[in-house]
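The values are calculated or read from the model by the stated rules, or taken from the named source; none is laboratory data. The shown structure was predicted, so the numbers you read here are calculated from the model rather than taken from an experiment. FYI the Cβ positions are ideal-geometry reconstructions off the backbone, even for glycines, and counts take in every protein chain you see. Keep in mind that these areas ignore ligands, DNA and RNA; they rest on the heavy atoms of the full protein, side chains included. Shrake-Rupley method; radii C 1.70, N 1.55, O 1.52, S 1.80 Å.
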Amino acid sequence: MTQRMTRRGLAGFDPLIVAQRPTLDTALAQLLADRIGRAGPISFAEWMRACLYHPLHGYYRRGAATVGRDGDFLTGPEVHPIFGAAIAHVASALWRQADRPQPFNVVEVGPGTGALAESILRHWHAQTPELASISRYTLVEPDPVPAAQQRTRLSPIHDVSRLHHAADIAEAPSDAHLVVANELLDALPVHRLVLRAGRWLETLVDHTPAGGFEYAYAEVTDPAVLRPLAGVAAQEGQIAEVAPERGAVVGALADLLSDGGLLLLFDYGYERSRLYAPWRRDGTLMTFHRHTPGDDPLDRPGERDITCHIDIEQVGEAAGAAGLSPLPVMSQAEWLHRLGAAVLPGVADATTSSVADAKRSSVADATSYTDYLSARRAVETLTDPAGLGRIAVMGFRRGATEPLPGWATNAGLGDR
């Protein structure tokens, strides 16, 4: 039997929300209400998939800005080019370890505004021009509008014959030396479960003309949804988010790597003992709109980002099943500090200077005092333990054991 609860029943009582009559205030809301009216309640995973990825009205498909200061949230690449410089430095070491292959193939999945690709390519042009001249950069972007914007942004920096787009991971080159994804996995649809009378129930989304969208609950029918929760010491009423498809996505990313390649992932997440700890009883799901966090994913579907922290152990298991060896997981703060970002050595690309200027100038000449202060502030933001600094950095290699900067000691950002 399906149990019903108000839309706020998962995370507590909000009298202001309960007092308001929910309305079909977006085009996607009407479509979802019609779908539920025809076929009955849908799982929260189906709701989240539609809200984020509906081909016309999904948050990531509607053509509006999502990432950056004009969007709803900031990620590392938008904070400052030094984030991309750090990744470019690791990639440069990877290229040298592999005996300088030509071409050097990079695949970025979920490229957003193109800021990460721009800072990586600028760093190479300034610091490792030989690598820049033979690199092949593929951006996996299913939406043609941002794909065109990314190409426009990157074409003045990099030879367009070596810039490529793929609409899906399956279409990306399968001989990549580096595959990188920043805050990709936390946007995959999740099943939301709630513990009632000692058993986990699946959260559904229902709709009635009188009550609008509301939660309902049913038995879990897919054993894969419950598998990560085996042995979890949860409390009555606790919420847990599980994303079974995340493992398949990690496996698909791993399959793109050539021998010696690196899969580099950045995402908010925890090991299961922390992700599903009893004191995290409301789960980790959040929404973002105009840089303001919220906790009501049923509000204005298609116009808010919906995100959940990831299960780091699930990622490691999937990468291992695909034949990759893990590097130590660490926070973004620790990783950047180990790279030497806190003291800013050798970041010529951390300025707004042109590539030509950067090529002609020394680091000291190219980086003005204002740029230096900006970079210092950026490092503080990127390593803030209460913010971006707590993002997990997860690296996996295929058949290689030589240390890389960030995991090795004494590895500053100055390329040689």
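Below is a table of values for the structure above.
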{"item": "Computed lengthening from D384 to E317, 0.36 nm per intervening residue step minus Cα-Cα distance", "result": "21.3 nm"}
{"item": "Alpha carbon convex hull of region 165-308, volume per residue in cubic angstrom", "result": "159 Å³"}
{"item": "Between region 208-228 and region 261-302, the alpha-carbon center distance in angstrom", "result": "18 Å"}
{"item": "Dipole magnitude (debye, nearest 20) for region 219-345, charges at Cβ of Lys, Arg, Asp, Glu", "result": "360 debye"}
{"item": "Percent accessible area from carbon and sulfur atoms, region 274-324, protein chains only, probe 1.4 Å", "result": "50 percent"}
{"item": "Kirkwood-based Rg to Rh ratio, region 153-193, C-alpha trace", "result": "1.10"}
{"item": "Segment R96-E236, extension gain: residue separation times 0.36 nm, minus the distance between their alpha carbons", "result": "45.1 nm"}
{"item": "Sites Q30 and S325 - FRET efficiency at Förster radius 45 Å, r taken between beta-carbons, to 0.05", "result": "0.40"}
{"item": "For region 231-293: Kirkwood Rh in Å [reciprocal of mean 1/r, alpha carbons]", "result": "14.6 Å"}
{"item": "By average C-beta atoms within 10 angstrom, highest first, the peptides 389-401, 297-309, 77-89", "result": "77-89, 297-309, 389-401"}
{"item": "Cβ-placed point charges (K, R +1; D, E -1), dipole of region 118-201 about Cα centre in debye, nearest 20", "result": "380 debye"}
{"item": "Under 11 Å, Cβ to Cβ, from D311 - net charge with Lys/Arg +1 and Asp/Glu -1", "result": "-2"}
{"item": "Inter-site label distance for L74 and D143 at 7 Å from Cα along Cβ, in nm", "result": "2.1 nm"}
{"item": "Simple spin-label estimate for A248 and T401 in nanometres, 7 Å along Cα-Cβ", "result": "3.5 nm"}
{"item": "Percent accessible area from carbon and sulfur atoms, region 165-257, protein chains only, probe 1.4 Å", "result": "54 percent"}
{"item": "Gain on full stretching of the segment that runs from R153 to R376 - 0.36 nm per residue minus C-alpha separation", "result": "77.8 nm"}
